[in-house]
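Quick notes on the structure that follows.
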Amino acid sequence: MEQRNGRSCAKSGSHWLTNRLLIISFYLLVSVVFTTLYFKTTEGWHPADFRAYAGMAGEYPGYVEAFKCRILMPLMIRGLAQATNLDLAIIFKLTGVLAVFALLAGYRRFLANFLHPGFATLFSVAIVYPLAWNFCVLNNLYFPFDLPAIAFFAIGCHLIRARKWVAYYAVFALATLNRETSCLLAFVFLFGMWGSMRRKSLVVHVLAQALLWAGLRGALSAVVGGNLGLMTKSHLGSNARVIIDMILFRASGPRDLVKMLLMFGGVWALLPWIARRQPVFLKRSLLVLIPLAVLVAAKGVLDEVRLYGEAIPIIMTPVIYKLAAELGGARAVSGADRQPTQAG
């Protein structure tokens, strides 16, 4: 009997390892294919641009002063260059592959809060669909911090839902060093956890994230110069003209309107029809689209679709949940107060 149990455990362990290797291999393949497409469809950087970014010189395409505080990727790329002596162009592509892989792995864990593990693994790759639309089809700008920002956001959403606070604050800090839009995670925390934890604890957590964000951004601004990242000039006037042009179908209005409608591959249009039968956490997390829209309208370029990257997991997850539920792959959760289980 003991011998049989030993063989059964060994077989189970071998099966688990095989599954993990298959998942890792598939995610790597998807990451390489997407990153290759991303670099082919965006405006190419020259060797001098790569060197300027890694050296934090601010002489690369699309640079603005607020980017000075986005130090995570320059430091990481510089460290990899010194450790490996690889060509900078290769290192930039490797960081893209790593970011997409982290996004897929983190998003799988997030989905596993709402779907059975097999369905979470299968449907996690679906996030590449809106990602490709926003960063390859409708976008021609490349910035090394864009894909990591989405990966951090997806991982942060999972850690909020799983209530792993130590890991969450570590990810929040790294995300803030990468890009100031990490503040949107605090809104996911506020909206998603509303009603599922004590009001006092919720307020303390949100205030702690606000202080951590402001402290990191303030320290970076003092050390490397520049501003806090969100304190750039207002774009409300120019974005208002974009909206008017879209309504009146004049100038570039029709083109911008089509671009906005095709964001996320059009899956946003499904939300009004499927939002009702969703876990409370997912429904409430959709409210983060409001501060994101305000942020883009005030400080960004309205029709620059890459700026909506953090919305990709928020918009795609209800669509995936609805499809998985129809196929019998959704977990029986009725609210944000249910404690999630981990992916297998």
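Below are the figures for this structure:
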{"item": "Extreme residue, farthest from the chain's Cα centre (by Cα), among residues of the stretch 317-329 that are over 10 Å from residue 282 (Cα atoms) and in a helix (DSSP H, G or I)", "result": "326"}
{"item": "Enumeration of residues in the stretch 193-212 that are buried (at least 20 other Cβ atoms within 10 Å of the Cβ) and either more than 19 Å from residue 317 (Cβ to Cβ) or touching a Cys at 6+ places or on another chain (Cβ under 8 Å) (or both)", "result": "209"}
{"item": "Members of the stretch 98-122 that are crowded, with 22+ Cβ neighbours inside 10 Å and in a loop (DSSP other than H, G, I, E, B)", "result": "112, 113, 114"}
{"item": "Residue under evaluation residue 238, criteria (1) out of contact with any Gly (no Cβ under 9 Å at 6 or more places or on another chain); (2) assigned to a loop (DSSP other than H, G, I, E, B); (3) not aliphatic (A, V, I, L, M), criterion not met", "result": "(2)"}
{"item": "Subset of the stretch 41-96 [of a type in the set (Gly, Ala, Ser), surrounded by fewer than 16 Cβ atoms within 10 Å (Cβ to Cβ) and touching a helix residue (DSSP H, G or I) at 6+ places or on another chain (Cβ under 7 Å)]", "result": "58, 89"}
{"item": "In the stretch 281-304, residue farthest from the chain's Cα centre (by Cα) [restricted to those that are closer than 19 Å to residue 255 by Cα and part of a helix (DSSP H, G or I)]", "result": "297"}
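Readers should treat all values here as calculations from the given coordinates under stated rules, not as data from a laboratory. Because the structure is a prediction, the values reported are computed rather than measured. Every residue, glycine as well, gets a Cβ built from its backbone with ideal geometry; the counts of neighbours run over all protein chains shown.
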